[in-house]
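Worksheet: one structure, shown below.
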Amino acid sequence: MMETNFNEKESLRVINEMIAQAQNNFQKGVADPSIFSGYVVAFTAIANFLLLNLLENPILSFHVWWLMIPMVFVSRYIGRKNAIKAQVRTQLERLISTVWTAHLFACITILLVIWSGNRIFNTSYLSVLITPTILIFTGMAQFISAKAIRFKAYYYGSFAYWLGALGCMAVCSVNMWHYQFLILAACSILGLAVPGHILNKKAKEHV
């Protein structure tokens, strides 16, 4: 009986230590990829919005989204570099990394499904679903991360993404679909960059 109680207490202690270690490591620099990605996505979305109104052929404006490919590699490089500095990587951190990897594949699948749907049904209207759907998935990934590391700013960030998804459909309803890109830019800053800065500030306070 005593051994059972001991094992239960030990298990709880180990779990609490894992959570604490994950929070500490996260504060030591894992927020940097969030900040970087948030600003890059915001910049790209704003560039797309401007080019839509400036180019003679507005379709060419969507090529700015090729910037997402180097962004993913640079963001992962920053994450790996910070993980090496942290030296210890817990199961929770691996879980968060897996969630964001799944998010990446989900976004790629969304693009393929919608582009295929446009070709099958000979329409371009399905494209208006790309931004709100990606915002929904990003909010979900952010919510899971917030739950894992117990960081309130990421909770608020996830709701910013979900409200942004609704806002995207609202602007579409009044035939102003291109304003989706400004909403995406705002969500990227409020949902990724700002919480990342808050987390880095907390890290400095704990040094």
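The values are calculated or read from the model by the stated rules, or taken from the named source; none is laboratory data. Computed from a prediction, not measured in an experiment: that's the story for all the values here. Every residue, glycine among them, receives a Cβ derived from its backbone with ideal geometry; neighbour counts consider all protein chains shown.
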**Fill in**
Counting only residues in region 161-197 that are in contact with a Phe, Trp or Tyr (Cβ under 9 Å, 6 or more places away or on another chain) and of a type in the set (S, T, N, Q), the one surrounded by the most Cβ atoms within 10 Å (Cβ to Cβ) is identified as Ser188
**Complete:** Checked region 116-148 for anything free of Cβ contacts under 8 Å to residues at least 12 places away in the same chain, part of a helix (DSSP H, G or I) and of a type in the set (A, V, I, L, M, F, W, C); matches are Ile120
**Asked** In region 49-81, which residues are surrounded by 10 or more Cβ atoms within 10 Å (Cβ to Cβ) and not in a helix (DSSP H, G or I)?
**Response** Leu55
**Request:** Output the residue which, of all residues in region 149-161 that are more than 19 Å from Leu104 (Cβ to Cβ) and part of a helix (DSSP H, G or I), is modelled with the lowest pLDDT.
**Result:** Ile149
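Out of all the residues in region 150-160, is one or more under 16 Å from the mean Cα position of the chain (by Cα) and surrounded by fewer than 14 Cβ atoms within 10 Å (Cβ to Cβ)?
Yes: one or more hits.
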**Item:** Among (1) in a helix (DSSP H, G or I); (2) closer than 29 Å to Phe62 by Cβ - the single one Asn175 does not satisfy
**Value:** (1)
